[in-house]
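The structure under discussion appears below in the form of structure tokens.
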Amino acid sequence: MAPALALVNVSVRYGPVVALDDASFTLRPGTVHALLGENGAGKSTLMRVAFGMVRPDSGHVHVGRREVRLRSAADAIAAGIGMVHQHFTLVPPMTVAENIALGGRGLFRPRQSVAIVRDIAALTGFALDPHAPVDTLSIGAQQRVEIAKALAQRARVLVLDEPTAVLAPAEVDDLLGWLRTYVADGNAVVLITHKLREALFVADDVTVLRHGRVVHTGRAADASPVSLTSAMIGAEHVRPATTTTPAAPRAPIGAPVFRAARLSLHDERNVVRVHDATFSVHAGEIVGIVGVEGAGQRELLRALAGRHEAGGGSLTRPDVVGFIPEDRHRDAVLLDRSLSENVALRGAGRRRGTIAWSTIHTHTAGLIQEFDVRTPDTRAPMRDLSGGNQQKLVLARELDEEGHVGAGALAIVAENPTRGLDVRATAEVHARLRAARDRGAAVVVYSSDLDEVLALASRVLVAYAGTVREVPSERDAVGRAMLGLG
């Protein structure tokens, strides 16, 4: 049987950096193929070659039985390939129906576009409002729009880059279930992910990249989390799985740092998302916030970070709050500016006088080394980094001991802080959040991965239908509260 997609002996170099080194990949029809590897291993680059976004220095691309030359994403779409990127390509002010119509042919017909959205929603089970402006949607909802856009273009091969990174557990189950339905019709899926258990649950085949080279490919049924981790990072670096029980803080809990009293918050359309919320977060503790999409956690996290004004009640917070947003492109970085300039954004609006760029470059180089950011130079534009390495630099800037925390900041708000990070980088982030707690910071963590929250937080606040309440830090209790069942 001819492959749905095959990349043969593909190499890509960016100056001295080898992104792909003679990499080959075969996607069978009717299958889900998981593509794994550390941050910067070449996963996204390989699939961007398949989607016509990157021209390889050498190698070939085959769709079915024929070799194809993909000079652009339009060529890939015409060949039946769709790609949902880790960072979305939607036009924020436009509606869902308008975004899905983009890339089509002929006149734009609003009613027809709305009908297409509703047909895709019925097919996939996705909740899609065709009239909603994209910039009012959560990240999870925007991701569903991206998938719907690829389906509207009749993709037979669907590439998903970290699709579950910002989804709640129930949404993950729905998406993975839909993928099996999609491939049962003869379609094929490439799933780029760092979540090994999800990959093994849904995938038929698995390929691992390390430093741009394919180091493993085979059937998922023959693999395990340990064997895949060993392939990704090298057997010598594999450590036993970490516990899901949060480690006790080394210092006693201090005074309240965040204090909300009958707090109300509205979204961009002036709809009440949080009402009458009363809680506190103390120095020296990590508090988790969880909730299904639209439950109010997005507005609550931004209010704690100083990015969203209260609509009623009161909220006391420090003047300086380290903020790690889930959408780094929109809220954390300037893509066309250098890494040093992005690090210099810390404290913007409070700093006075001239910037000592030599000091900034030196400091950025230290952060790059400490956080293992894969880049040739501090002057490289942020856009040139992989998604995982961009996230590492944001974390380095916000958790820097000489910056926010060391300068006396008492609080950190982390929203899906390990989005797009591999297993080793995720463990490092967790360790750094705990270290900030042990230095006396009040840390608030939201993650769409409930197990991650339970591994970090000593207390858990659940947002549901606009309410915020503390529940026991047990998986079943938190899961039921997220659904309003307990």
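Summary table
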item	result
Qualifying residue in the stretch 176-189 (condition: within 26 Å of Arg330 (Cβ to Cβ) and not hydroxyl-bearing (Ser, Thr, Tyr))	no
Some residue of the stretch 137-149 being in contact with a Gly (Cβ under 8 Å, 6 or more places away or on another chain) and not small (Gly, Ala, Ser)	yes
Residue check, Val18 surrounded by fewer than 22 Cβ atoms within 10 Å (Cβ to Cβ) and of a type in the set (A, V, I, L, M, F, W, C)	yes
Qualifying positions in the stretch 378-400 - out of contact with any His (no Cβ under 7 Å at 6 or more places or on another chain) and under 16 Å from Val445 (Cα atoms)	Gln391, Val394, Leu395, Leu399
Single match in Asp476, Asp451, Asp372 (criterion: surrounded by fewer than 17 Cβ atoms within 10 Å (Cβ to Cβ), out of contact with any Lys or Arg (no Cβ under 9 Å at 6 or more places or on another chain) and either modelled with pLDDT of 85 or more or not in a loop (DSSP other than H, G, I, E, B) (or both))	Asp476
Residue list for the stretch 261-290, restricted to those being outside any strand (DSSP E or B) and either at negative phi or surrounded by 23 or more Cβ atoms within 10 Å (Cβ to Cβ) (or both)	Asp267, Glu268, Arg269, Val271, Ala283
Those residues of the stretch 56-87 which are under 21 Å from the mean Cα position of the chain (by Cα) and part of a strand (DSSP E or B), in sequence order	Gly82, Met83, Val84
Check on Ser44, outside the structural domain of Val423 (by TED's automatic domain parsing) and at pLDDT 95 or above	no
Residue satisfying condition, being part of a loop (DSSP other than H, G, I, E, B) and not aliphatic (A, V, I, L, M), within set Gly366, Gly349	Gly349
Residue identified as in the same structural domain as Leu191 (by TED's automatic domain parsing), hydroxyl-bearing (Ser, Thr, Tyr) and surrounded by 15 or more Cβ atoms within 10 Å (Cβ to Cβ) among Thr95, Thr89	Thr95
Subset tally (residues that are crowded, with 17+ Cβ neighbours inside 10 Å, farther than 20 Å from Thr426 by Cβ and aliphatic (A, V, I, L, M)) for the stretch 454-473	5
Residue check, Pro56 at pLDDT below 90 and at negative phi	no
Selected residue (criterion: farthest from Gly82 (Cα to Cα)) from residues of the stretch 127-167 that are of a type outside the set (A, V, I, L, M) and either touching an Asp or Glu at 6+ places or on another chain (Cβ under 8 Å) or in a strand (DSSP E or B) (or both)	Thr136
Residue count for the stretch 397-422, restricted to those that are β-branched (Val, Ile, Thr), modelled with pLDDT of 80 or more and over 11 Å from the mean Cα position of the chain (by Cα)	2
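The values are calculated or read from the model by the stated rules, or taken from the named source; none is laboratory data. Bear in mind the structure is a predicted one, so any value in this text is a computation, not a measurement. Positions of Cβ are generated from backbone atoms using ideal geometry, with glycine treated the same way; all protein chains shown enter the neighbour counts.
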